[in-house]
Amino acid sequence: MTKKKTDLEDIVSLAKRRGFIYQGSEVYGGISGFYDYGPFGVTLKRNITNLWWKMFVDGREDILGVDAAIIMNPKVWQASGHVDTFTDPLVECKNCNSRFRADKIDVSKCPNCGKSGTFGEAKMFNMMFKTNIGPIDSDDSIAYLRPETAQGIFTNYKNIVDTIYPDMPFGVAQIGKAFRNEISPRDFIFRVRELEQMEVEYFVHPDEWEKSFEKWRTDIYVWFKALGLDAAKIHELDVPDNDRAHYSKRTIDFEYEFPIGKEELMGLAYRTDFDLLNIQKATGKSMEYIQKGSNNKFIPHVIEPSFGLERVMMAVLAEAYTEDEINGDKRIYLKLPPELAPIKFCVSPLLKNKPELVKKAREIYVNLQKKYHNVMWDDNGNIGKRYRRQDEIGTPKCVVIDFDTLADDTVTVRDRDTTKQKRVSVKDL
Ligand code: GAP
């Protein structure tokens, strides 16, 4: 019997109990919109970013990587339009002083205190976090924590063309932190203030943008498949004109059926020549690309697939979270694709007070660890408890060393999804 619908609470609870995700600064009472990743969370996150990099950078000859600084010259954010337009409408209740995003609530009644007619006019609130550079706290020293990784790519476009001169079309990819002072962070890691993005800016000839956009639109499903996401739970939303970001002429949001409902997982945008043209205007430096073999010059247009790591984590956890019943007992396990699983194998001696079993199990553990790296030693509690723990972490295989191992050099390998056990020769592990 498999439970069909997963609640957000199930995922939050498992993520905490098994050391995947903790509330930021929890010991001090927490801080809204920030999360910390525990031992298994950080490995799952790395496995996701490694898979992304392998698929979109290392696995392709037309995409190169960069790693730009988080704090950039503030002129970047003036030219990109973020200083003027990266805003959300903010309303404040005159009765209880709670603040909300005006476009996310019914403003006739305060969702906090329940009073009607307590909101005034919405004010546009800029979501960029400000800081100051150097010892003097003045308007001249203001800088911003980047709200998107994309600008670190656009500002390096000229460097890459001048130093590497890739064939057109080509992409530049970056994975890194971004910061948004969200008015209402919510739903666990779905909307946070410190996030991680995985973005590609794909530079194309202006006549080719539609072809490239359509190619990305289908290629993205290979990524969803590698994450183990059910394609039937992914829905495309062609974002209407008035809802698109200021830089986009076309955007498709890929929505996923999260436990909180159908919401944006990632976006694919046609950014035109908006960013390169703005950099050219602001700096006076040419952003033109000279077509190889023709002397034909143009400012490339850009297709941008933009992936948010927290939302990927949440979708992967929601998809993997499974409940079933084994011999009448409820069991929870994470059906993670093996490439994403934070632990690949768990190795245990059947009994921890039998030195000969422990010695043999340690040998097997060390050999597997050398080969697969993410191998866990677990001799806590009885074997049933160890299996339950590993099921919740999403470990695909548990290897148990017992007295038969000493006699015939075979071990029990137990499968996470079926719970079936098999006797396997140590040399075949
Ligand atoms: N460079 C384009 C860009 O940043 P976006 O639609 O604002 O576009 C891209 O963000 C992706 O980043 C979203 O689809 C989402 O996955 C993720 N994202 C954006 N804001 C987020 C937030 N506050 N918390 C978690 N993820 C967020």
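The values are calculated or read from the model by the stated rules, or taken from the named source; none is laboratory data. These numbers were taken from a predicted model, which means no experiment stands behind them. Neighbour counts run over all protein chains shown; Cβ positions are idealised from the backbone, glycine included.
Structural remarks
- Only listed residue being in contact with a Gly (Cβ under 6 Å, 6 or more places away or on another chain), at pLDDT 95 or above and over 21 Å from Gln197 (Cα atoms), chosen from Gly19, Gly38, Gly30: Gly19
- All strands (runs of 3 or more DSSP E) inside the stretch 98-196 with 3 or more residues being modelled with pLDDT under 95 and either outside the structural domain of Phe34 (by TED's automatic domain parsing) or within 16 Å of the ligand (Cβ to nearest atom) (or both): 99-101, 123-126
- Restricting the stretch 45-85 to residues that are touching a Gly at 6+ places or on another chain (Cβ under 9 Å) and part of a helix (DSSP H, G or I), the residue that is farthest from Tyr35 (Cα to Cα): Asp58
- Residue check for Phe298: away from the ligand (no atom under 13 Å from the Cβ) and of a type in the set (Phe, Trp, Tyr): yes
- Looking only at the stretch 305-334, and only at residues there that are over 15 Å from Asp7 (Cα atoms) and among the small types (Gly, Ala, Ser), the one that is modelled with the lowest pLDDT: Gly328
- Applying a threshold of 8 Å to beta carbon distances and a minimum spacing of six or more residues, or different chains, the list of pairs starting in the stretch 41-61 at a residue that is more than 24 Å from Gln23 (Cα to Cα) and ending at one that is part of a loop (DSSP other than H, G, I, E, B) and not hydroxyl-bearing (Ser, Thr, Tyr) reads Leu51/Leu227; Leu51/Glu339; Leu51/Leu340.
- Among the residues of the stretch 389-429, those that are of a type in the set (Lys, Arg), closer than 24 Å to Asn327 by Cβ and not in a strand (DSSP E or B) comprise Arg389, Arg416, Lys420.
- Test: Lys385 is surrounded by fewer than 19 Cβ atoms within 10 Å (Cβ to Cβ) and part of a helix (DSSP H, G or I): yes
- Whenever a residue of the stretch 126-152 is aliphatic (A, V, I, L, M), its partners that are within 12 Å of the ligand (Cβ to nearest atom) and in a helix (DSSP H, G or I), lying with C-beta atoms within less than 9 angstrom and at least six residues away or across chains, give the pairs Met127/His82; Met128/His82; Ala150/Asp275.
- In the set Leu277, Leu317, only one residue is under 30 Å from Asp241 (Cα atoms) and either of a type in the set (A, V, I, L, M, F, W, C) or surrounded by fewer than 22 Cβ atoms within 10 Å (Cβ to Cβ) (or both); that residue is Leu277.
Residue by residue, here is whether (1) under 28 Å from the mean Cα position of the chain (by Cα); (2) within 20 Å of Lys352 (Cα to Cα) holds:
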| position | (1), (2) |
| --- | --- |
| Tyr365 | no, yes |
| Tyr372 | yes, no |
| Asp378 | no, yes |
| Ile383 | no, yes |
| Thr405 | no, yes |
| Val413 | no, yes |
| Lys422 | no, no |
| Ser425 | no, no |
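- With respect to the stated conditions, Leu336 fails to be free of Cβ contacts under 8 Å to residues at least 60 places away in the same chain and more than 16 Å from the ligand (Cβ to nearest atom).
- Which listed residue, of Asp402, Asp329, is among the acidic types (Asp, Glu), crowded, with 18+ Cβ neighbours inside 10 Å and away from the ligand (no atom under 16 Å from the Cβ): Asp402
- The set of residues from the stretch 244-262 being in contact (Cβ under 8 Å) with a residue 24 or more places away in the chain and not in a loop (DSSP other than H, G, I, E, B) comprises Arg250, Ile252, Phe254, Tyr256, Glu257, Phe258, Lys262.
- Conditions (1) in contact with a Ser or Thr (Cβ under 6 Å, 6 or more places away or on another chain); (2) more than 16 Å from the ligand (Cβ to nearest atom); (3) within 20 Å of Tyr37 (Cα to Cα); number of the one not met by Ala318: (2)
- Test result for Ala231, within 17 Å of the chain's Cα centre (by Cα), assigned by TED's automatic domain parsing to the domain that holds Asn47, modelled with pLDDT of 95 or more and on the phi < 0 side of the Ramachandran plot: no
- Flag for Ser212 being within 11 Å of the ligand (Cβ to nearest atom), farther than 20 Å from Asn278 by Cα and either surrounded by fewer than 21 Cβ atoms within 10 Å (Cβ to Cβ) or among the aromatic types (Phe, Trp, Tyr) (or both): no
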